[in-house]
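Bear in mind these aren't lab numbers, they're just calculated from the coordinates by the rules spelled out. Note that the structure is predicted; figures quoted are calculated from it, not measured. No Cβ is skipped: glycine too gets one built from the backbone with ideal geometry, and neighbour counts run over all protein chains shown.
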Amino acid sequence: MEKYRSKLEEVGKRVAAELNLAVYDIEEKTTAKGKVIVVFLTKIGGINLDECAVFSRKLSAELDLLDFITEKYYLEVSSPGIERPLKLKTHYLSAINELVEIQWNKDAERLTTQGLLLEVNPDYIVVKVKEENVEIQMSAIHKARTCFSKSLKREQL
C-alpha cells in the first residue's frame, strides 16, 4: 500500500471534503477474499451509514477513473467507532476531553491506564487519572484508543 498510499489519501480527503466529512485513517488488510482497503471517516457529531455509502460510491468512481491501484482490491468505508484507535497526532487532538486507554512503557515496565485526555503536546500527552495528571511520552506509547466504559465515568476523574 505504501506505493499508492499518499495518492489514496489525497483522493480520499478531497472526496471527503466535498461531502463535509474527514478521513480518519486508511488501513489495508488481507482477508480470505483478498486485499481490502478500509477508509475510516469521521465528522463532528458522528457519521451515519448513508454518508459512508455516498462516500464509498464517489471514492470508488474516482479510484476507477484514476486507476493507480494495479492489483485487485475491495473497498470498505466505515466509522472508526466509539472506541477508536489513536495513532496519529491528529487522532489525539480530536480526543481531548475524552476517556482514553493508553498502554506505554515507563522504565522497564509496561503500564496501562484509563483517564481523561487533557493535553496533547509535541512530545507527550497529559491524562487525568483520578486526581493526578500523568504525563506520557508519545514515543513510549504502544497502543491508545478512546474508550467507552460504564464503570469509568468522566465525573469520577
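Each of 108, 75, 65 was placed along the dipole of the chain (beta-carbon charges, centred on the mean Cα), and the one lying farthest toward the positive end is 75.
Each Lys and Arg adds +1 at its Cβ and each Asp and Glu adds -1 at its Cβ; summed about the Cα centre, the chain shows a dipole of about 280 debye. For the set 13/106; 33/143; 43/106; 33/87; 33/128; 87/130, the pairs lying more than 32 angstrom apart at their alpha carbons are 13/106; 43/106; 33/128. Relative to the longest principal axis of the Cα atoms of the chain, the long axis of helix 49-66 makes an angle of roughly 50 degrees. Considering only the Cα atoms of the chain, their convex hull presents on average a projected area of 11.4 nm². How far is helix 5-18 tilted, in degrees, relative to the longest principal axis of the Cα atoms in the chain, given as a value from 0 to 90 rounded to the nearest 10? The angle comes out at about 90 degrees.
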